[in-house]
Amino acid sequence: MTTLAPIVLTSSSAAWPLRIDRESRETLSAQIQVRLRGAIRAGALRSGVKLPSTRSLAGQLGVSRPLVVEAYAQLAAEGYLELRRGACPVVAGFAAPPRQASRAPAEEETPIRFDLRPAIPDLGMFPRQAWLRAVRAALNGMTAEELGYGDRHGAVRLRNVIADYLGRTRGVLADPDLVVVTGGFAEGRALFCHALRARGIERLGVEDPSYSDWEGVDMAGLHRIPIAVDSAGIDIAAAETSAAQALFVTPAHQFPIGAVLGAERRSRLVSWLRDRDGFALEDDYDAEFRYDQSPVGALQGLAPDRIVYAGTVSKTLAPGLRLGWLVVPPDLADPVRAIQRRWNAGPPRIDQAALAAFMESGAYDRHLRRMRRVYRRRRDTLMALLADKLPEARFEGVAAGLHITLRLPDGADELGICTELRRRGVAVEGLSRYSIRPYGSAALLLGYGRASESGLRASVQALAEVVSSQGEQDRGTARTAPARRRAPPDQGRAPHADE
Ligand SMILES: Cc1ncc(COP(=O)(O)O)c(C=O)c1O
């Protein structure tokens, strides 16, 4: 059998997985050359990056040193590496053909060194070995019949496991027959929207701010009605007086603010749905990561006849798996299934079987426990650093998820701060990116999912410097121009499809 060994190349400036296949017919030296050459050409290993010494790389890969010497020498002869006696090899670079100027210049110029964009999990901690075991177990256990189309709405075994898991961990009332396995939340949301249209519903209330990937909604021909969010979640009073017939909500951890939908609002929301004969989509995207309190139960448990529950493995495992699920009310089951049948034949069967095996074996629970500890540590580190470097900062949404919301001082230039940080190699997003209407106060969304402690330290240091230099500029402006013009509240917003 072929095995791939993920090896991490480490030096002071590089951490990059180098895989070799010991059973390939290609020599190990040739494989090392191909991987490194490819990474340099693709820009993954940039000019100036130091590679491990021949001794160190040979040790990491478990190969003999002359193989590495040969590989490095060949790459040096081709101009990809610079070799110096007694020093680690350095990537010399690669003169790539000029690119089309299609991306924003700032992104071209500064590579991201620290990625603090929200809601991104640590993909480097994907449980590769456990997943491989699950794939193997799944494939070994599958009958020839099960490699056919099977049930297009999800393998029965996986639907059972998901129903079990959701009942046990989220209080979801899930009849396995009403579970639909989807290509991530994105497909689930699109199915929901098209099913609403099939029922004659046209106006969808959406949280403002919210996850702003609206294509699935717009393509279904639904009209979006923004509904305000505050520290207790979606403003139900505003929903009640709106023309919305259905809702999108993130009750356990509002995206992006992080609020938990309060008990009173939950029951009002359910009454509202019943009064209007409407439906809500509950996006439970990161409920597994809750740190300070016991998990907040899913809204669906209060009204399984009105609420479509949506889950995904994009935060818990990896978005690349493209697996998620809906639990649909009986009244929406037929339209959802009919639409899914028209679109595709459901997610790949082997992946579904692997996820079922992964969950059944307890590996999913173990992985979640491990990641909860990791993320909690990172969150605590981030909060401690912010308290130290930006003592006046107020943050929200800290009890769960993979990011926190940092409120900026009054009048702060959110976009300016994001741009300056990006120029320094730190990627963060502002709240305005997710806001539909002009909003009141500036805020940054600081993701800690994939950040190392040193990355957080460097990022918060940069943030403190940028905020403080902006404050100084403002004070300078105030001295020369007493009536300082404040930036319009919606400055820097991402263009929105409603507009
Ligand atoms: C609020 C929210 N919901 C759901 C998702 C997951 O989407 P998918 O399962 O399609 O990857 C994301 C991903 O970023 C998200 O931020």
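A few comments on the model shown:
- Taken about its Cα centre, the chain carries a charge dipole of roughly 1640 debye when the Cβ of each Lys and Arg holds +1 and the Cβ of each Asp and Glu holds -1.
- In terms of its alpha-carbon gyration tensor, the stretch 299-418 comes out prolate; a/c meets the 1.5 threshold, and the first ratio a/b outweighs b/c.
- Here the sum of -39500 (n - 2.57) over DSSP H runs of 4 or more residues, divided by the residues of the chain, equals -13000 deg cm²/dmol at 222 nm, to the nearest 500.
- Calculated accessible area for the chain comes out at 46 Å² per residue, all protein chains present (probe 1.4 Å; ligands, DNA, RNA ignored).
- Among the GluC sites (Glu not before Pro) in the stretch 351-427, those placed in a DSSP loop whose Cβ has at most 11 other Cβ atoms within 10 Å are 392.
- Length gained on full extension, residue 84 to residue 275: 61.2 nm, using 0.36 nm per residue less the C-alpha separation.
- Sum of side-chain charges, residue 119 neighbourhood, beta-carbon under 11 Å (Lys, Arg +1; Asp, Glu -1): +1
- Spin-label pair residue 177-residue 374: with each label point 7 Å from Cα along the Cα-Cβ axis, the two points sit 4.0 nm from one another.
- Prolate/oblate/rounded call for the stretch 150-196, Cα gyration tensor, a/c under 1.5 rounded: oblate
- Unit charges at the beta carbon, dipole of the chain: most positive-side option, 47, 246, 28: 28
- If you take the alpha carbon atoms of the stretch 366-480 and fit the smallest convex hull around them, that volume is 109 Å³ per residue.
- When the Cα convex hull of the chain is projected onto planes of every orientation, the mean area is 27.4 nm².
- Zone residues, the stretch 32-66, relative to residue 24, backbone N less than 19 Å from point 7 Å out along Cα-to-Cβ: 32-45, 52, 57-66
- For the stretch 366-480, with +1 on Lys and Arg beta carbons and -1 on Asp and Glu, the positive-most of 459, 449, 404 along the dipole: 449
- Environment charge at residue 181 (Cβ cut-off 12 Å; Lys +1, Arg +1, Asp -1, Glu -1): +3
- Local electrostatic count at residue 452 - Lys and Arg +1, Asp and Glu -1, tallied over other residues with Cβ under 12 Å: +2
- Think of the chain as having a plus end and a minus end, set by charges on the Cβ of Lys, Arg, Asp and Glu; of 263, 180, 196, 180 sits farthest toward the positive end of this dipole.
- Each label point was placed 7 Å from the Cα along the Cα-to-Cβ direction; for residue 415 and residue 203 their separation is 3.1 nm.
- Surface composition of the chain: carbon and sulfur make up 51 percent of the accessible area, probe 1.4 Å.
- Unit charges on C-beta of K, R, D, E only; dipole of the stretch 128-361, Debye: 520
The values are calculated or read from the model by the stated rules, or taken from the named source; none is laboratory data. Small disclaimer: the values here were computed from a predicted structure and weren't measured. Note that we place each Cβ from the backbone using ideal geometry, even for glycine, and neighbour counts take in every protein chain shown. The protein model used for the area step is the full one, side chains on, heavy atoms only, and it has no ligands, DNA or RNA in it. Shrake-Rupley method; radii C 1.70, N 1.55, O 1.52, S 1.80 Å.
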